[in-house]
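The values are calculated or read from the model by the stated rules, or taken from the named source; none is laboratory data. Everything numeric in this text was worked out from a predicted model, so none of it was measured. Counting neighbours? That spans all protein chains shown, and the Cβs are built from the backbone with ideal geometry, glycine included.
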Amino acid sequence: MVNRPGNFNVRPDPKKSGKLIVHGPYRLIRHPMYTSLFFAGLGVLFFQFSIYKLVAWLLLIVVLALKARFEEKALCLHHQDYANYQKTNKAFIPWIW
């Protein structure tokens with residue numbers, strides 16, 4: 001298991017004893033949990049389309065992308081290897097974004 005229960009937090013704040021994980025799903029993308037939310041929301045949108053669900057899904061993408069940027073700034077300060085990890089791995093979708 002790559003990310004254990006208890007490691008989830010609404011406000012991203014790296015733990016002092018935390019280690020940089022670059023295996024499992026993190027070997028392909030930096031934010032697999034956010035990506036899963038993007039695609040789950042897309043599934044809901046396709047299943048029962050409405051303009052309100054489309055707007056909510058687009059807002060979800062914006063919020064999580066901003067949260068990821070905030071989180072990555074903190075991770076760069078906490079882990080000296082994170083900047084190199086950013087250069088070799090996309091944030092949400094392998095080889096694309």
List, please: which pairs have Cβ atoms under 8 Å, are six or more places apart or on different chains, and start with a residue in segment 35-46 that is more than 22 Å from residue 89 (Cβ to Cβ) and end with one that is surrounded by fewer than 15 Cβ atoms within 10 Å (Cβ to Cβ)? 41/56; 45/54
If you go through segment 80-97 one residue at a time, how many are on the phi > 0 side of the Ramachandran plot and either touching a residue at least 40 places away in the same chain (Cβ under 8 Å) or within 13 Å of the chain's Cα centre (by Cα) (or both)? 0
Inside segment 1-28, can you point out the residues that are modelled with pLDDT under 65 and farther than 20 Å from residue 91 by Cβ? 1, 4, 5, 6
From the option list 77, 66, 45, single residue qualifying as over 14 Å from the mean Cα position of the chain (by Cα), aliphatic (A, V, I, L, M) and loosely packed, with under 15 Cβ neighbours inside 10 Å is 77
